[in-house]
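To start, the structure itself, in C-alpha cells.
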C-alpha cells in the first residue's frame with residue numbers, strides 16, 4: 001500500500017504542459033485528499049500496522065513537505081507549480097503527530113511514542129532544510145526577491161518551530177525525549193543565519209521563534225547542577 005501511495009503522489013512522469021491551471025489545481029486537491037486520508041484513517045491506528053509501513057508513510061510525508069523547494073528553481077515565480085497546498089498538508093500532518101504529549105505515547109517503547117519520534121525527526125529535518133535553502137537562495141538571488149510562495153513557506157515553518165517549542169516547554173519534561181531538545185537546539189544556528197533576510201514577513205516570524213529560545217539559554221553552572 002505504501003508503494004501505491006508513493007506512485008500516486010510522486011509520479012515518475014512530469015505533469016503534461018497542456019494541463020490548464022484549473023486541472024493542475026484539481027490534481028493537487030486529489031493529492032491533498034490522499035494526505036488527509038493518511039492523517040485521519042492510517043496514522044491514528046499505526047500501532048496495529050507494521051513498523052516498516054509506518055516508516056514509509058512518514059518518509060512520504062517528509063518528501064511531500066519538501067517537494068515544492070526540491071522541484072522548483074528559487075527564481076520560479078509560477079506559484080501554481082509548487083504544489084503549495086500539498087506540501088502544506090504533508091507538513092501539517094507531521095506537525096500534528098509531533099504533539100502527542102501523553103506519557104505513554106512519548107515513551108520510546110510505545111507504538112505511539114515511536115510515531116511521535118518519527119514525526120518530530122521528520123518535522124525538524126524539514127525545518128532545517130527550509131531554513132538553509134531559503135538563506136542560500138536569497139543570497140544567490142541578489143536584489144531579486146524570492147517568490148511570494150517561498151516567503152509564505154518560510155513564515156509557516158518559523159511559526160511551526162515556535163509552536164513546537166511552546167508545546168515542548170508546556171509538556172511534562174520527563175515525557176520529552178532529550179534528543180528532541182538536542183534537535184530543536186541544533187536549529188538555532190540556522191535561525192540566526194536568517195537574520196539577514198530582507199522580507200519583513202519572514203523577520204517577524206523569525207523574531208517570535210528566536211524569543212522561544214530564551215528559556216533554553218541556561219548558564220553552564222546551572223546545567224551542571226541540574227545534572228544536564
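Run the numbers for residue 59 and residue 10: contour at 0.36 nm per residue of separation, minus the present Cα-Cα distance, in nm.
Working: separation 49, 0.36 × 49 = 17.64 nm, distance 1.23 nm.
Taking 0.36 nm per residue and subtracting the Cα distance, the gain is 16.4 nm.
Give me 55, 13 sorted ascending by neighbouring Cβ count inside 10 Å, so fewest comes first. Could you put the intermediate results ahead of the total?
Details: 55 14, 13 5.
In order of increasing Cβ crowding within 10 Å: 13, 55.
At 0.36 nm per residue, and after removing the present C-alpha to C-alpha distance, how many nm does the segment from residue 18 to residue 198 gain when stretched out fully? The partial results should precede the final answer.
Values: separation 180, 0.36 × 180 = 64.80 nm, distance 3.62 nm.
Stretched out fully, the residue 18 to residue 198 stretch lengthens by 61.2 nm.
In what sequence do 188, 134, 211 fall when counting other Cβ within 10 Å, fewest first? Mind dumping the intermediate values first?
On the way: 188 14, 134 25, 211 11.
Ordered by Cβ neighbours within 10 Å, fewest first: 211, 188, 134.
Would you order 91, 97 from fewest to most other beta-carbon atoms within 10 Å of each residue's own beta-carbon? List each step's numbers first, then the result.
On the way: 91 26, 97 23.
Fewest to most other Cβ atoms nearby, the residues stand as 97, 91.
With the crude spin-label approximation of a point 7 Å out along Cα→Cβ, what separation in nm comes out for residue 207 versus residue 174?
Distance between label points: 4.0 nm.
Simple spin-label model, 7 Å along Cα-to-Cβ: residue 25 to residue 48 in nm?
Output for this residue pair reads 3.8 nm.
At residue 34 and residue 217, where each label point lies 7 Å from the Cα along Cα→Cβ, what is the point-to-point distance in nanometres?
4.5
Values in this text are rule-based calculations from the coordinates and carry no lab data. Note that this is a predicted model, so its numbers are computed, not measured. Note that each Cβ is placed from the backbone with ideal geometry, even for glycine, and that neighbours are counted across all protein chains shown.
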